[in-house]
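Here the structure is laid out as structure tokens; the discussion comes afterwards.
Quick note: the coordinates plus some simple rules give every number you see, no bench work behind them. What you see is a predicted model; the values in this text were computed from it and never measured. Every residue, glycine among them, receives a Cβ derived from its backbone with ideal geometry; neighbour counts consider all protein chains shown.
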Amino acid sequence: LFAFEDLKIIIASVSELYIINEIFVDTCYKFLLPVGQEVTLIDIGMNVGLASLYFARLSFVSRVVSFEPFLPTYAQARRNFKLNSSFSSKIKSYNFGLGGTDAVLESPYNALNSGVSSSQADNPRNIQATHTERLEIKAAKPIISALIADYPNDQFIIKMDTEGAEYDILGSLLR
């Protein structure tokens, strides 16, 4: 267990220390908005929930909607959220990924470094896989469109870190 500022985070691999540093120390997701604007943050590629927790801590983020297709990674994110209930009440998470189209895949998974696992068969990082996982992928456009319809007065920010699936997701949103 790792305590950082007002968070508690489960560390299951060395790569999570790197991610903590990237998000909370280097503040790779730091952005500013005009005063008074609240946003809904869509976290595509939630991983173990660190970015979702980072965003949920921001006062101008009213909600975080997160997507993670790998079940072991999703389960660890849920455990991290449970340890941080004061922030995770703003997070709604889903155990499916977003992509260009609906699909069910068998995908390589690295249990020792979940941050490099990818639903993209041609991702070179997949050679580090320890086993395969069954993933559900849903077309991004209907999911994002439904969120916009549910919160028509909100501003939206999308954080997308999907180890190569970004192109399919963006293509879906632009069609």
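When the listed pairs 90/141; 8/90; 92/159; 90/159; 8/159; 30/159 are checked against a 18 Å cut-off, the alpha-carbon distance exceeds it for 90/141; 8/159.
What separates the Cα centres of the range 62-116 and the range 21-53 is a distance of 15 Å. Once the mean of 1/r is taken over each pair of separate Cα atoms and inverted, the range 33-96 shows a Kirkwood hydrodynamic radius of 11.6 Å.
Sorted largest first, the spans of the alpha carbon positions of the chain along the three principal axes are 45, 42, 25 Å. Is the shape of the range 128-175 rounded, prolate or oblate, going by the alpha carbon gyration tensor and its root eigenvalues a ≥ b ≥ c, with a/c under 1.5 for rounded and a/b larger than b/c for prolate? Prolate shape, in that a/c is at least 1.5 and a/b is the bigger ratio.
When each of the peptides 75-81, 155-161, 25-31 is scored by the mean number of other C-beta atoms lying within 10 Å of its residues, the order from highest to lowest reads 75-81, 155-161, 25-31. Counted by Cβ distance under 12 Å from residue 61, the other residues give a net charge of +1, where Lys and Arg count +1 and Asp and Glu count -1.
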